[in-house]
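Let me begin by presenting the structure, written as structure tokens, before commenting on it.
We did not get these values from a lab; they are worked out from the coordinates using the rules stated. Predicted model, so just to flag it, every value in this text is computed and none were measured. Neighbour counts are summed over all protein chains in view; Cβ atoms, including those assigned to glycine, are modelled from backbone coordinates with ideal geometry.
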Amino acid sequence: MLSAASAPIVAATLPLVRSHGEQITGNFYPRMFRAHPELLNVFNRGNQATGEQKQALAGAVVAYAGHLLGESTMPWHPILERIAHKHVSLGITPAQYTIVGRHLLDAVAEVLGPAVTPEIAAAWDEVYWLFACELIAREARLYHDAGIGDPVDLWRTWRVIDRVTETADVFSLVLAPTDDGPVPAFVPGQYVSVAVDLGADRGQQIRQYSLSGAPQAGTWRITVKRLGPEGDRPAGTVSGHLHDRVGVGDTLRLSPPVGDIDAVAGTGPLLLVSAGIGVTPAMAALEHLVVHDPKRPVTLVHADRSPDAHPLRRHLPRLLGELPNLMVQLWYEDPMTALAPVPVNVGRVDAEQIPLDEPAQVHICGPLPFMRYVRSGLLRRGVPTERIAVEVFGPDLLRAGTA
């Protein structure tokens, strides 16, 4: 809770900070990287290039200030959980919050200039450290639960024991730990970070990939889409590296499984809605049900450009045989001539035609516009918001959860 002295100051200056949020964070990142170039090994350079990272940070800080003031109707706990899990996947340490806080508040002072009095600076420092302390406490618990005593010990070496081409631009890697230790179980919907060394000129980069195979299988499977350049976004550095240079016998450094989304939550009917590479957590959910709850009613709705572009499609005939209450609805913009295990709908997903069992638990994963469209359609059809989980691949946590 904000102090009595700071609350009115933050309330009065929040509109100003909100209107300059991206300018502030655009100033902050270069400032911090100049002072601490080692942090370039932690932050996603692709999201830096597109501006997504600065938008996400500005949105989070402003949203937290609104939360402290009681102005926001958006539940804060899920946002905090999502950020904390992402930080743990990167090995963020408490000391790094001090670095971020110093450079962020310096950026506020530089962008807003004389408008930032000592009282205003102190009030926003309080906002930042309330936010940071909540995250540090939650992350400490997550590290403890994962058996990580120190974030520097986050990484474990895994060997690629199989590589499978799924589509022209998607492949799967099956991994086993090189130390022959136990393979941690995970919850469908969770992900791991993969850290790759790109050479002296480009350093280390870290990316997150959903676990797409069966939990407790004795191995992990990640399914990776090679990202080409699009608009302001450069080609995917890590996905390209994995695609071009990593094969059977090579090793990778992976984090423990993290992520706040449980794609098999509840015990009643389950609805999995995905598009493109967003099918990966849904496939982990189906593999989980084969072992743990094969009779559970479950519907998979998946959208893609064509059957040939549909990742992990080869597993559907087997899953339909192993899950007697599985219904699959496929939407292809171009159905082509490839055979599908179920009838195919032509075009993009129509939210009004998604099968609904009451009371269904819903998991959605795919591009942000797709998730917003599906979520809005399901809300109109009466699905309670608390029954809809939206899984975001990327830094934009706030916009994904709004309709």
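What to note about this one:
- Order of 98, 299 - criterion: other Cβ atoms within 10 Å of each residue's Cβ, fewest first: 98, 299
- Magnitude of the charge dipole, the chain, Cβ model with Lys/Arg +1 and Asp/Glu -1, debye to 20: 440
- Förster radius 45 Å - calculated FRET efficiency between residue 39 and residue 381 (Cβ-Cβ, nearest 0.05): 0.50
- Formal net charge of residues neighbouring residue 316 (Cβ-Cβ distance under 15 Å; K, R +1; D, E -1): -2
- Sum of side-chain charges, residue 266 neighbourhood, beta-carbon under 15 Å (Lys, Arg +1; Asp, Glu -1): -2
- Net length gained if the chain between residue 163 and residue 235 were fully extended (0.36 nm per residue, minus Cα distance): 23.8 nm
- Residue-count net charge about residue 214 - beta-carbon cut-off 10 Å; Lys, Arg +1, Asp, Glu -1: 0
- Computed over the range 155-254: relative contact order in percent, which uses C-alpha pairs under 8 Å that are six or more apart: 35
- Remark: relative contact order (the range 6-145) = 40 percent; criterion is Cα-Cα distance under 8 angstrom and separation of 6 or more residues.
- Label assignment, log10 I(q)/I(0) by the Debye sum over Cα atoms at q = 0.09, 0.12, 0.14 Å⁻¹ derived from the structure, set (1) -0.66, -1.00, -1.21; (2) -0.58, -1.01, -1.33; (3) -0.78, -1.20, -1.32: (2)
- FRET efficiency for residue 368 and residue 153, using Cβ-Cβ distance with R0 set to 35 Å, rounded to 0.05: 0.55
- Simple Cβ-charge dipole of the range 270-400, Lys/Arg +1 and Asp/Glu -1, about Cα centre, in debye nearest 20: 100
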